[in-house]
Amino acid sequence: MAAVRYIVRDVDQAVRFYVDRLGFTLDQKMAPAFARVSRGDTTLWLSGPASSAARPMPDGRAPAPGGWNRFVIQVDDLASTVTALRTAGVVFRNDIVAGPGGRQVLIEDADGNPIELFEPRP
């Protein structure tokens, strides 16, 4: 499964925009932190300032709308995935963080583009 996460300032406002303006369906809402909407095969995760995805990175950079959009790859075992990728030399932006929906970590591709690995809560 792959999804796109957008950092937003206001989850409720973002949900209204995507549902009312673009025809998405609200699948899950944990406002003010998070909501998940979908349209056809597209799933969009809307993460507000209260979400774990909006936490600053260890180097001080803070996710903000428009600059931290990334696609998400859901994994079954985040810890073992992180171990394998670290062994392979993959660059990590942060360590694993936990939030209301599960655990996540950000990696970078060769050009520095972020990719989120996410393990949902059981």
Checking 32, 100 in turn, the sole residue that is surrounded by fewer than 15 Cβ atoms within 10 Å (Cβ to Cβ), touching a Ser or Thr at 6+ places or on another chain (Cβ under 9 Å) and farther than 19 Å from residue 3 by Cβ turns out to be 32
Of those in segment 13-60 that are among the hydroxyl-bearing types (Ser, Thr, Tyr) and in contact with a Leu (Cβ under 9 Å, 6 or more places away or on another chain), the residue modelled with the highest pLDDT is 38
Note on segment 65-88: residues loosely packed, with under 12 Cβ neighbours inside 10 Å and not in a helix (DSSP H, G or I) are 66, 67, 76, 77, 88
Within segment 1-29, of all residues that are closer than 21 Å to residue 102 by Cα and touching a helix residue (DSSP H, G or I) at 6+ places or on another chain (Cβ under 8 Å), the one surrounded by the most Cβ atoms within 10 Å (Cβ to Cβ) is 5
In the set 115, 96, the lone residue that is without any contact (Cβ under 8 Å) to a residue 40 or more places away in the chain, at negative phi and in contact with a Lys or Arg (Cβ under 7 Å, 6 or more places away or on another chain) is 96
Counting only residues in segment 61-82 that are at pLDDT 95 or above and over 14 Å from residue 2 (Cα atoms), the one farthest from the chain's Cα centre (by Cα) is identified as 80
Of the conditions (1) touching a residue at least 60 places away in the same chain (Cβ under 8 Å); (2) assigned to a strand (DSSP E or B), the single one that residue 53 does not satisfy is (2)
The lone condition residue 30 fails out of (1) under 20 Å from residue 112 (Cβ atoms); (2) in contact with a Pro (Cβ under 8 Å, 6 or more places away or on another chain) is (1)
Scanning segment 30-49 residue by residue, the ones that are touching a helix residue (DSSP H, G or I) at 6+ places or on another chain (Cβ under 9 Å), without any contact (Cβ under 8 Å) to a residue 60 or more places away in the chain and closer than 18 Å to residue 71 by Cβ total 7
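The values are calculated or read from the model by the stated rules, or taken from the named source; none is laboratory data. All of these numbers come straight from a predicted model, not from anything done at the bench. Note that we place each Cβ from the backbone using ideal geometry, even for glycine, and neighbour counts take in every protein chain shown.
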